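A short write-up of the structure that comes next.
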Amino acid sequence: MCGIVGYIGFRQAKETILTGLKRLEYRGYDSAGIGIVTDEDVEVYKEKGKIEALERLIKNVEIKGTVGIGHTRWATHGVPNQINAHPHQSYSGRYTIVHNGIIENYKELIETYIPNIKRESETDTEVIAHLVDHFSQKGLSTEEAFREVIGKLEGSFAIVLIDGQDTSRLYAAKNKSPLLAGLGQGENMVASDATAMIHVTNTFKELKDGEYVVLDHENLIIKTLDGDVIDRDVYTVDWDTSSVETGAYEHFMLKEIDEQPAVIRNIITQYQDEQGQLNIGRHLQGLAVPSRVYIVACGTSYHAGLVGKRLLEQIAHIPTEVHIASEFLYDQPLIEGDPLFIFISQSGETADSRGVLDQIKKQGYRTLTVTNVQGSTLYREADYKLLTHAGPEIAVASTKAYTAQIAVVALLSIYLAEQKGIAGSIDMFQELRTISTAMDALKDMKDKAKHIVEEYLTDQRSCFFIGRLLDYAVCLEGALKLKEISYIQAEGYAGGELKHGPIALIEDGTPVFVLITDQRIAKNIRSNAEEVVSRGAKTCVIAAEGLHEEGDQWVLPRVHPLLTPLVSVIPLQLIAYYAALERGCDVDKPRNLAKSVTVE
Ligand code: M6R
């Protein structure tokens, strides 16, 4: 959803901020803008559409200045147009602001404090700028006025403010929307995430709800809303600009698919001590083995949760339920015993999952977040946290985050099994090493994926993915991947369920992708495939070595039976990628989707 950047330092703010905004494009947006402090004023430029449109607008304008703010807007209040794009300025012109999120009480605030103000735009954001102006005209300093306003806002927000009368500092605050501070030498930044600042710094400070931050060239001071200074540790990330650029790749998605073997190897390194032992327990100090696990997630992370359930049940013998966060929120199941709630989220910012975390914490249950983003809301607010160490995932379609989530839950399952004294558990590091080698082989089979797309998906409007047990979970993910980036209607179905209804949709030439990685059901799923072939479907069989038959389209390397999703998903990711490419779709930024879904 929206992206936000603020910079104060010695570099040209225009370029620094535009670079940051481009790194936030993956979040999804429909207009963009910047506000730069120049010798003259705070100059605001904004445009509907992509950042390129904004760049065209300012191509021939000299905008020199080393302080500024920028924004990519995903419309909520008011249509996506130039007027509603951020930054917005206060009625006197003194304050310039960018804002992510939704201010729920903006109408009440207008009525109470600024009933006579004429708004330029339809946005709730503009109201924040007017309110700061209002309180400063009542005699408060800018910092006091900012604090006063922040304390009155209800809803979600990440805000950066410039005072046109004192441009030596920026003010920023957050509530339920992501905002991170970046620290440099003689320069400081805030942005929606680290990727937008990595060209300036790799050193960050988390910002929390109920705080605000004042930045100047040298200092970045975090305070409570009472004005007390908060001491916060810094942390560094071990990636650089190459992690957030496509490099030799045409798209982030393909780059991220290819990064999966390295991600698995990195996870091994992160969770193994020098003696080769699992040391994930250092992140789980004090966590007693739960009697039951509830996994809560959305989208691809939910699909990883389905695999996680099997791992936790088979390896650690812990009954596990998996829930879609947006459903759980309003239909909480009966909770038994002394459970652990596991939130799986690439971004750590998904509003639906955050809603459940809030709800569950109020009920006093233990929580653990598995996420890719250190410092994200779900990371900060859970009792325990495990990072997936996948590096930034930029493409909207999640790939390496999915496999990383499964690998981390596999290690967690081993840890819990050890805690329970379950003997003879799997040598998971060895199995993961085997997986990474298998992934290396699969990612080099891109021609096969291209040929399959040419044969099966050039002009089809719909298709099926069928499998049973873990293969069914992967089919759901394969179908989601294909539909979100190629816009082909794709259904993931349990092979045995087809005859109970959906087989009615099979007609001549309907593509049906069949996954077979489990010996126990290999015969049954082949029968299900026969059932659709005899009704005209065109099957593409992806089978594990040893279970394959002549004529199968793709043979997968054999891996541990509980870890097959880590390899079987790769052909499906590649097929989705090449299908989207074939159809001329915007692979990394599919229509209507945002990477980080921060509204309910
Ligand atoms: O950041 P999260 O993992 O919480 O995001 C959840 C979903 O929004 C996400 O997985 C979405 O389904 C992806 N676009 C799938 O590729």
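Looking at D444, is it within 15 Å of L278 (Cα to Cα) and either modelled with pLDDT of 95 or more or away from the ligand (no atom under 15 Å from the Cβ) (or both)?
Judged against the criteria, D444 is not a match.
Give the residues of the range 272-302 that are within 16 Å of the ligand (Cβ to nearest atom), open to solvent by 10 Å² or more (accessible area, probe 1.4 Å) and either more than 28 Å from E477 (Cα to Cα) or not in a helix (DSSP H, G or I) (or both), sorted by residue number.
Listed by number, the list holds a single entry, C298.
Being open to solvent by 10 Å² or more (accessible area, probe 1.4 Å), of a type outside the set (A, V, I, L, M) and closer than 26 Å to R310 by Cβ narrows it down to one of E549, E582, E507, so name that one.
Unique residue meeting the criteria: E549.
Which condition from (1) within 23 Å of P571 (Cα to Cα); (2) within 11 Å of the ligand (Cβ to nearest atom); (3) crowded, with 24+ Cβ neighbours inside 10 Å is the one that T350 breaks?
Condition not satisfied by T350: (1).
Scan the range 546-577 for residues that are more than 16 Å from the ligand (Cβ to nearest atom), not in a loop (DSSP other than H, G, I, E, B) and not aliphatic (A, V, I, L, M) and jot them down.
Answer for the range 546-577, where residues must be more than 16 Å from the ligand (Cβ to nearest atom), not in a loop (DSSP other than H, G, I, E, B) and not aliphatic (A, V, I, L, M): W554, P561, T564, S568, P571.
Picking from T367, T377, T388, which residue would you name as being within 13 Å of the ligand (Cβ to nearest atom) and over 30 Å from A576 (Cα atoms)?
Numbers: T367 fails: within 13 Å of the ligand (Cβ to nearest atom); T388 fails: over 30 Å from A576 (Cα atoms).
One residue alone meets the criteria, T377.
Could you look through the range 303-325, keep only residues that are open to solvent by 50 Å² or more (accessible area, probe 1.4 Å) and either within 16 Å of the ligand (Cβ to nearest atom) or acidic (D, E) (or both), and pick out the one that is farthest from V408 (Cα to Cα)? I'd like the intermediate steps shown before the answer.
Taking the range 303-325 and keeping what is open to solvent by 50 Å² or more (accessible area, probe 1.4 Å), we get 309-310, 313-314, 317, 319, 324.
Those left that are additionally either within 16 Å of the ligand (Cβ to nearest atom) or acidic (D, E) (or both): 313, 324.
Numbers: E313: 15, I324: 20 Å.
Taking the candidates together, the pick is I324.
Given K523, K538, K481, K499, which one is open to solvent by less than 10 Å² (accessible area, probe 1.4 Å) and not assigned by TED's automatic domain parsing to the domain that holds Y402?
Testing whether each residue is open to solvent by less than 10 Å² (accessible area, probe 1.4 Å) and not assigned by TED's automatic domain parsing to the domain that holds Y402 leaves just K481.
Do you know which residues across the range 331-359 are without any contact (Cβ under 8 Å) to a residue 40 or more places away in the chain and closer than 18 Å to I318 by Cβ?
P333, L334
Here are the criteria: (1) out of contact with any His (no Cβ under 8 Å at 6 or more places or on another chain); (2) surrounded by fewer than 23 Cβ atoms within 10 Å (Cβ to Cβ); (3) within 23 Å of A404 (Cα to Cα). Tell me which single one S596 does not satisfy.
Going through (1) out of contact with any His (no Cβ under 8 Å at 6 or more places or on another chain); (2) surrounded by fewer than 23 Cβ atoms within 10 Å (Cβ to Cβ); (3) within 23 Å of A404 (Cα to Cα) one by one, S596 breaks only (2).
Filter the range 361-381 down to residues that are in a helix (DSSP H, G or I), touching a residue at least 40 places away in the same chain (Cβ under 8 Å) and open to solvent by less than 10 Å² (accessible area, probe 1.4 Å), then give me how many there are.
Going through the range 361-381 one residue at a time, the tally reaches 1.
Can you name every one of the strands (runs of 3 or more DSSP E) wholly within the range 135-252 that holds 1 or more residues which are open to solvent by 30 Å² or more (accessible area, probe 1.4 Å) and of a type in the set (S, T, Y)?
Details: elements: 155-163, 170-175, 180-183, 188-191, 203-206, 211-215, 220-224.
Strands (runs of 3 or more DSSP E) meeting the threshold: 203-206, 220-224.
The values are calculated or read from the model by the stated rules, or taken from the named source; none is laboratory data. What you are looking at is a predicted structure, and each value in this text was computed from that prediction instead of being measured. Every residue, glycine among them, receives a Cβ derived from its backbone with ideal geometry; neighbour counts consider all protein chains shown. These area figures cover heavy atoms from the full protein model, side chains too; ligands, DNA and RNA do not enter into them. Shrake-Rupley method; radii C 1.70, N 1.55, O 1.52, S 1.80 Å.
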